[in-house]
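As structure tokens, the structure follows; a few thoughts come after it.
The values are calculated or read from the model by the stated rules, or taken from the named source; none is laboratory data. Because the structure is a prediction, the values reported are computed rather than measured. Positions of Cβ are generated from backbone atoms using ideal geometry, with glycine treated the same way; all protein chains shown enter the neighbour counts.
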Ligand SMILES: [Zn+2]
Ligand SMILES: [Zn+2]
């Protein structure tokens, strides 16, 4: 019965986002490229792309797989080319950012807002290689934050040019990963402060502008691992930006090898043992097939805080209350994955429904003290995989504020969300994962974890088989999930 209800419900009330709507949202942000200062000399742009013929490609993929399998200390070095299938334009390709800018053309469009970009097959394959103990370290020139988002442990990653979603504390070195794009680049102060009790210093963004020196901490760990590496695999980089592009060469002295997968030629091709001209996702998928390693789905979980303030009116007949839906990064921080919130009242039909369309999301009401009811929130998502919303029910009881805060096992809750999302391939499930009742402030703050993106990566055909069937498959179809799961059951908060 539930299955049927769910499907009918979706058919009737949840139109999937049309392509046009997605495109309009996509024009919002190209990420940091628009913020970089304009400089005349960005190196070679508009570089020609090369494609190895299918049989050559297949043979090279097998060779690469053998090299990866044999390696004792594999280091992967990544550039913009591993994120183009995530909808983020590269810099030097025929439609790259610098290329079009130098031709006086409009900048290329990202296919999704930067903060909703999903990891490519390559990002997720690297996560599997790390878990399998094969990949020891990742060095990235990308600022899109997708390596961390995909699940590469922070201590096994050097982000040489920064991360658009990270802020750091210049005093204690604490790092904060945000779900919104940090507003500045060039290591400037942001509007937020360090959360460490004895610190509270103003945070800074981590993304380098042209004149900024590479961060010492990232550079030294990158160098260390390149020296230890017996194989440095360069993926989707034209190896043009110094000093980053010289890092892979550091493996050579200790007898290490370099392999390059890129559509354009690079100045380091002559130093490499293997150069593959092919789409990075296709090559990496081929290597994974060959190693018999499966690529697990990407599950994105976002968080919101729901803050309910209650005050009894002077005549003790009413409760004046305020409901706030806010970012977990602070009440003033943006909540970029939420488009709007529809508020309705269960068991109390005569209470007026409301639609909150602007941030901060806030609802003020006065209700009679004799009533118990449930506030139901439908949180509508902004662009992403196209899943439209999640629903959260908040019981509103006569007690003003309870003194006891329930204790949630956050890790178990998140793991359960991930497992269910993997089984269902759907976004929209949520669960309360943290709660703080504050009697003095008359508030209850609950953090909800929400699955906002599920991406599955099917096994790819071998390159030569793919050629005869007309390609490696539609990139779009990799990112489909099956729509929001409607929770009919009342959640117990
Ligand atoms: Zn600090
Ligand atoms: Zn989805």
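A compact table of results
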| quantity | calculated |
| --- | --- |
| Flag if residue 326 is surrounded by 19 or more Cβ atoms within 10 Å (Cβ to Cβ) and in contact with a helix residue (DSSP H, G or I) (Cβ under 7 Å, 6 or more places away or on another chain) | no |
| Which numbered condition residue 172 fails, given (1) within 16 Å of ligand 1 (Cβ to nearest atom); (2) in contact (Cβ under 8 Å) with a residue 24 or more places away in the chain; (3) in contact with a strand residue (DSSP E or B) (Cβ under 6 Å, 6 or more places away or on another chain); (4) not in a strand (DSSP E or B) | (3) |
| Qualifying residue in the range 114-132 (condition: over 21 Å from the mean Cα position of the chain (by Cα), in contact (Cβ under 8 Å) with a residue 40 or more places away in the chain and farther than 28 Å from residue 451 by Cα) | no |
| Residue 386 within 16 Å of ligand 1 (Cβ to nearest atom) and at pLDDT below 90 | no |
| Residue within the range 116-130 that is surrounded by fewer than 23 Cβ atoms within 10 Å (Cβ to Cβ) and on the phi > 0 side of the Ramachandran plot present | no |
| Qualifying residue in the range 304-318 (condition: out of contact with any helix residue (DSSP H, G or I) (no Cβ under 7 Å at 6 or more places or on another chain), within 30 Å of residue 457 (Cβ to Cβ) and assigned to a strand (DSSP E or B)) | yes |
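The rows are residues; the columns are (1) within 16 Å of ligand 2 (Cβ to nearest atom); (2) part of a loop (DSSP other than H, G, I, E, B); (3) modelled with pLDDT under 90.
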| position | (1), (2), (3) |
| --- | --- |
| 415 | no, no, no |
| 428 | yes, yes, no |
| 449 | yes, no, no |
| 459 | no, yes, yes |
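Conditions (1) in contact with a helix residue (DSSP H, G or I) (Cβ under 8 Å, 6 or more places away or on another chain); (2) farther than 20 Å from residue 157 by Cα; (3) within 16 Å of ligand 2 (Cβ to nearest atom), marked per residue:
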{"site": "187", "(1), (2), (3)": "no, no, no"}
{"site": "192", "(1), (2), (3)": "no, yes, no"}
{"site": "196", "(1), (2), (3)": "no, yes, no"}
{"site": "205", "(1), (2), (3)": "no, no, no"}
{"site": "213", "(1), (2), (3)": "no, no, no"}
{"site": "216", "(1), (2), (3)": "no, no, no"}
{"site": "223", "(1), (2), (3)": "yes, no, no"}
{"site": "226", "(1), (2), (3)": "yes, no, no"}
